[in-house]
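Below: one structure, written as structure tokens.
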């Protein structure tokens with residue numbers, strides 16, 4: 001008798017993501033995930049213990065799978081996030097438009113260390129300033145992402161680039177005290193160059 005194929009954690013999470021993509025987060029159940037995998041619910045409970053534990057693991061999996069990236073410039077992270085909102089509307093809604101625990105204050109960001117690090121290096125900011133600047137940029141991007149994912153607004157790549165550049169320029173004027181156009185252009189170019 002052939003041994004049963006073990007269904008792995010990543011396969012279960014990928015199946016859950018596919019259920020959300022196809023039918024929305026409200027359709028997410030152990031039975032639907034098992035149906036996506038073509039198995040009973042037993043392997044899901046064996047791997048995760050409970051539906052709650054599987055659902056708790058799903059946001060991190062989605063972040064790592066769809067949003068974790070080695071981008072060369074700060075703007076590329078914003079593009080990635082907003083393109084995800086447009087291309088994966090149901091997954092975006094699940095990740096960013098769900099209820100949170102009252103104590104959860106920091107936004108979920110698979111690239112937090114990399115993005116803040118890019119700002120530190122390219123803009124010569126200290127870590128605290130860079131983290132604050134990034135948090136403000138996140139708030140703006142989350143708002144745009146929510147509008148895109150809910151169909152309130154559609155954006156072309158050119159519109160995304162323009163929006164990101166305009167808001168980032170406002171932040172640069174504040175954090176780098178860049179009053180003149182020449183100085184602003186200098187810091188914008190610095191932020192767009194690939195960093196190691």
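The values are calculated or read from the model by the stated rules, or taken from the named source; none is laboratory data. If you're wondering where the values come from, they're calculated on a predicted model, not measured in any experiment. Note that each Cβ is placed from the backbone with ideal geometry, even for glycine, and that neighbours are counted across all protein chains shown.
What are the residues in region 125-151 that are assigned to a loop (DSSP other than H, G, I, E, B) and within 24 Å of residue 97 (Cβ to Cβ), if any? Before you say what the answer is, go through the steps one by one.
Step one: of region 125-151, the residues assigned to a loop (DSSP other than H, G, I, E, B) are 125-126, 150-151.
Of everything in region 125-151, those that are assigned to a loop (DSSP other than H, G, I, E, B) and within 24 Å of residue 97 (Cβ to Cβ) turn out to be 150, 151.
It is to be established whether one or more residues within region 92-110 are surrounded by 15 or more Cβ atoms within 10 Å (Cβ to Cβ) and within 14 Å of residue 75 (Cα to Cα).
Scanning region 92-110 turns up no residue that is surrounded by 15 or more Cβ atoms within 10 Å (Cβ to Cβ) and within 14 Å of residue 75 (Cα to Cα).
What are the residues in region 37-70 that are part of a helix (DSSP H, G or I) and more than 24 Å from the chain's Cα centre (by Cα), if any?
37, 42, 43, 44, 45, 46, 47 - these are the residues of region 37-70 that are part of a helix (DSSP H, G or I) and more than 24 Å from the chain's Cα centre (by Cα).
Looking at residue 122, is it surrounded by 18 or more Cβ atoms within 10 Å (Cβ to Cβ) and modelled with pLDDT under 95? Full working, then the answer.
Values: surrounded by 18 or more Cβ atoms within 10 Å (Cβ to Cβ): yes; modelled with pLDDT under 95: yes.
Answer is yes for this residue.
So, residue 138, is that one at pLDDT below 95 and crowded, with 17+ Cβ neighbours inside 10 Å or not? First the steps, then the outcome.
On the way: at pLDDT below 95: yes; crowded, with 17+ Cβ neighbours inside 10 Å: yes.
In short, yes.
How about region 154-170: which of its residues are in a loop (DSSP other than H, G, I, E, B) and either surrounded by 14 or more Cβ atoms within 10 Å (Cβ to Cβ) or in contact with a strand residue (DSSP E or B) (Cβ under 9 Å, 6 or more places away or on another chain) (or both)?
155, the sole residue that qualifies.
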